[in-house]
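Here's the structure we're looking at; comments come further down.
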Amino acid sequence: LKEVNHRIQNSLQLVSSFLALQSRALGDPKLHEAFEEARRRLQAVALVHRRLYRADQIEAVDLGRYLEELIADMNASMAREWAGQISVDAAPVLIPTDRAVTIGLVVTELVINANKYAYGGHPGPIEVSLEEHRAKLRVIVADHGKGKHAPGEGFGSRMMTAMVRQLTGELAFGDNRPGLRAILTCPVSAPAPSAT
């Protein structure tokens with residue numbers, strides 16, 4: 001299984017490199033951004049596989065550590081002026097691996113949205129936090145920008161809705177005074193299937 005994870009990791013890294021090369025070759029800024037978003041989504045999945053391979057953890061990962069590494073990877077892929085703008089305050093929460101991947105994808109989308117809309121394309125602080133209360137966890141992505149914008153109809157928004165449903169969770173948006181707070185709440189473990 002370790003060897004399989006290692007091969008998956010190499011394959012994901014290869015696809016990510018292809019996307020980065022293709023992105024750099026594009027003259028259209030909108031296409032460039034679309035390729036970069038696809039690469040960030042892929043990196044969110046690749047990061048879990050990297051942790052599995054490194055830590056010999058198959059069933060569960062520390063979501064707090066995972067989010068810290070995910071944000072560090074995203075910081076490295078953003079424009080230089082964004083350096084240090086995204087902070088993480090994450091409690092250690094042990095979570096099944098498949099749920100970590102799904103939460104990572106939702107957080108990636110929320111950070112991408114804040115990066116694009118909160119400050120009109122300019123850099124500004126984005127805070128990611130994780131807390132656990134009993135059998136539930138809460139991930140908050142907050143900015144101090146222009147405030148709430150209408151939910152999009154694009155691929156990212158549709159994917160996020162599907163991921164939240166898969167987590168049997170809720171995604172709520174509120175006023176951060178100033179800015180926007182996105183709050184994902186979901187069970188730490190997948191609910192047991194109901195008896196029929």
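Quick look at the numbers
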item	result
Rounded to 5, percent antiparallel among DSSP beta bridges of the chain	85
Calculated from backbone phi, Karplus (6.51, -1.76, 1.60) coupling profile of the stretch 111-118 in Hz, x at Gly/Pro	5, 4, 4, 5, 4, 7, 10, 4
Under-5 Å amide H pairs with residue 179, H placed in peptide plane, nonlocal only	145, 147
Portion, in percent, of the accessible area of the chain that falls on carbon or sulfur, probe 1.4 Å	56
Tensor-based shape of the stretch 98-149 (alpha-carbon gyration tensor, a/c under 1.5 rounded, otherwise prolate or oblate)	prolate
The chain, relative contact order in percent, only Cα pairs under 8 angstrom and at least six apart counted	16
Pairs of Lys in the chain closer than 24 Å at Cα, counting only those 8 or more apart or on different chains	5
Cβ-derived FRET efficiency at R0 22 Å, residue 72 paired with residue 14, nearest 0.05	0.55
Heavy-atom surface of the stretch 1-147, accessible at 1.4 Å and reported per residue (Å²)	50
For P(r) over Cα pairs in 10 Å bins from 0, in percent, calculated from these coordinates, the label among (i) 8, 26, 25, 20, 13, 6, 2, 0; (ii) 9, 35, 38, 16, 3, 0; (iii) 9, 35, 33, 16, 6, 1, 0	(ii)
Contour excess over end-to-end distance, with Cα ends at residue 22 and residue 38 and 0.36 nm allotted per residue	4.6 nm
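The values are calculated or read from the model by the stated rules, or taken from the named source; none is laboratory data. Since we're looking at a predicted model, the values are computed, not measured. Here Cβ is always computed from backbone atoms with ideal geometry, including for glycine, and neighbour counts include all displayed protein chains. Just so you know, the surface numbers come from the protein's heavy atoms only, side chains and all, with ligands and any DNA or RNA stripped out. Shrake-Rupley method; radii C 1.70, N 1.55, O 1.52, S 1.80 Å.
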